[in-house]
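Report on one structure; see the data block that follows.
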């Protein structure tokens, strides 16, 4: 009887422990070696430590659970717990987030980080809750540069007739139309093949994305335009988040923020190394594109489109951030 009773107690404790453990699935479309996935693994370790193993997180990179649109739909429906992608993909659900993608709005990385970590960032992330998502933190994709297979890009006129893959963000699309290109929104998971087959001539992403996703293999030219900064967002299904114990919600937010800082530092450390590797692969790099000319052509028009729709408040607060 004692043995049976002991067995029942042990079984009960095992079931209780299993019940107390919660695993979250974290999905994105970036390569497993990208800084986002290195940081996601770091976030998983932080979560496990902060919750004593009661909250764990499995990381699913490289589109394992679908493209960016499918991941965000999964987060909204609750079939995916946490999704991470670039801010432009979230703007269809929270249009005020378009402010983060306006060309030449951010002066430098420090300015962007201060905005994202301020009450401006918190306010913008809260807009996602209307679409069943909880914004955990802004991570970083970085300042965007242009690659293409046709010719060096130095001034806006060099983009005339170039078919370039962009995000679906309205500000990005409008800016490239002004610069004379043919912007073509496309899923990130389809981009490499589209460049390889010539479906598009060009794309625009930060250096680390260009390297981690091997775009240098299918592009001849790289131009430093720094035409826009892009944040990425880690967002969770709102009901799933609210259903967790308060201490687990706190651990999630803390871990996402700590991982964001970790990922930004990693981005900065890797960019120089990755640029050197891109050059070594034979890509012709122009680090002195005429960014002021790009800004002059597009900044006022694209910013006006945003402020006409959403007012001046967010843009003015971003510009005033020191």
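The values are calculated or read from the model by the stated rules, or taken from the named source; none is laboratory data. These numbers were taken from a predicted model, which means no experiment stands behind them. Every residue, glycine as well, gets a Cβ built from its backbone with ideal geometry; the counts of neighbours run over all protein chains shown.
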Q) Counting only residues that are in contact with a helix residue (DSSP H, G or I) (Cβ under 8 Å, 6 or more places away or on another chain), modelled with pLDDT under 95 and in a loop (DSSP other than H, G, I, E, B), how many does the range 30-61 have? A) 4
Q. What number of residues in the range 179-190 are farther than 21 Å from residue 28 by Cα, buried (at least 17 other Cβ atoms within 10 Å of the Cβ) and either out of contact with any strand residue (DSSP E or B) (no Cβ under 8 Å at 6 or more places or on another chain) or at pLDDT below 95 (or both)?
A. 1
Q: Looking only at the range 64-82, count how many residues are outside any loop (DSSP other than H, G, I, E, B), without any contact (Cβ under 8 Å) to a residue 60 or more places away in the chain and touching a strand residue (DSSP E or B) at 6+ places or on another chain (Cβ under 6 Å).
A: 1
Q. Out of contact with any helix residue (DSSP H, G or I) (no Cβ under 7 Å at 6 or more places or on another chain), closer than 22 Å to residue 178 by Cα and surrounded by 15 or more Cβ atoms within 10 Å (Cβ to Cβ) - does that describe any residue in the range 281-289?
A. yes
(Q) I'm checking my understanding of the structure. Among residues of the range 42-63 that are out of contact with any strand residue (DSSP E or B) (no Cβ under 8 Å at 6 or more places or on another chain), touching a residue at least 40 places away in the same chain (Cβ under 8 Å) and over 24 Å from residue 30 (Cβ atoms), which one is surrounded by the most Cβ atoms within 10 Å (Cβ to Cβ)? (A) 51
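Rundown of residues vs (1) surrounded by 16 or more Cβ atoms within 10 Å (Cβ to Cβ); (2) touching a helix residue (DSSP H, G or I) at 6+ places or on another chain (Cβ under 8 Å), yes/no style:
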residue	(1), (2)
255	yes, yes
259	yes, yes
274	yes, yes
295	yes, no
304	no, no
Q. Which one of 241, 262 is assigned to a helix (DSSP H, G or I), touching a residue at least 60 places away in the same chain (Cβ under 8 Å) and over 24 Å from residue 34 (Cα atoms)?
A. 241
Q: From (1) surrounded by fewer than 24 Cβ atoms within 10 Å (Cβ to Cβ); (2) within 15 Å of residue 29 (Cβ to Cβ), pick out the condition that doesn't hold for residue 139.
A: (1)
Q) Looking at residue 150, is it farther than 29 Å from residue 195 by Cα, surrounded by fewer than 21 Cβ atoms within 10 Å (Cβ to Cβ), modelled with pLDDT of 95 or more and over 18 Å from the mean Cα position of the chain (by Cα)? A) no
